[in-house]
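These notes concern the structure reproduced below.
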Amino acid sequence: MAVVIINPNSTASMTDAMVEMARRSAPGLQFEGWTSRHGPPSIQGAEDGDVATPPLLKLVKEASDAQADGIIIGCFDDTALGHAAALADCPVVGLGQCAYHYAALRNWRFSVVTTLAVSVPILETNIYSMGLGAYVSKVRASDIPVLDLESSPERASAQIVNEALEAQANDNISALILGCAGMVQVVENVERALRIRTIDPVACAARGMTWLV
């Protein structure tokens, strides 16, 4: 089969953007995207994550039963990652998980620029629960709603770049992690603006799958 990127939200254009990035990043693998039609339009905070979990896990089971080579949970919050990994017979990884571990394996101290402040506690909890607290400087909110990444791309990009520059100047870091799957649209702009390394979690997860399948 292929590596299935399961988007826990119902915005199909975000799924398509992730698949495109994954194919560019790991051309030796086959990727296909599944969108959770019964998920929320975006995942911003714990409440959205809770709503997204049951339909996401149903899709995980379907992908596993269809003998997917691997599954990527296409949300930087790593929504229901532990439950999904326990449910599937193939490797299951999360976008945040892959980005954090990649930075740690390179011994890079990092900050994260995410969307809204409501997501910050979730990401901090994930990082520390993975034992990677020594590598993180700060999780920053750009105050950009997820769907604005598509509806207002220029404004969203400018705000994310500004927050990334603040992180570079003040956080004593070697890398900046983009903390939303929808930020695949702004990767190049952030890379051009920064001197330090920019980590796109979708690319990280796609390349990580080359080690696992």
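Only the coordinates and a few stated rules stand behind these numbers; no lab work does. Keep in mind it's a predicted model, so treat the numbers as computed, not measured. Glycine also receives a Cβ, built like all others from the backbone with ideal geometry; neighbour counts cover every protein chain displayed.
With θ taken as phi - 60° and the Karplus curve 6.51 cos²θ - 1.76 cosθ + 1.60 applied, the whole-hertz 3J(HN,Hα) list for region 39-51 is x, x, x, 8, 10, 10, x, 5, 4, 5, x, 5, 5 Hz, x standing for glycine and proline.
Annotation: for a label point projected 7 angstrom from Cα along Cα→Cβ of LEU165, residues of region 98-114 with backbone N closer than 20 Å are 111-114.
Think of the chain as having a plus end and a minus end, set by charges on the Cβ of Lys, Arg, Asp and Glu; of CYS180, LEU56, MET130, MET130 sits farthest toward the positive end of this dipole. Here region 44-88 yields Rg over Rh of 0.96, to two decimals, using C-alpha coordinates and the Kirkwood radius.
Determine the calculated [θ] at 222 nm for the chain from helices alone, applying -39500 (n - 2.57) to every DSSP H run no shorter than 4 residues and normalising by the residue count; nearest 500 deg cm²/dmol.
Helices in the chain give a 222 nm mean residue ellipticity of -15000 deg cm²/dmol.
P(r) tail for the chain: Cα pairs beyond 29 Å make up 17% of the total. Placing a label point 7 Å from the Cα of TRP211 along the Cα-to-Cβ direction, the residues of region 74-108 whose backbone N falls under 16 Å of that point are 91-108. In order along region 90-98, phi translates into HN-Hα couplings of 10, x, 10, 10, x, 5, x, 3, 5 Hz, rounded to whole numbers, per the Karplus curve 6.51 cos²θ - 1.76 cosθ + 1.60 with θ = phi - 60° and x for Gly and Pro.
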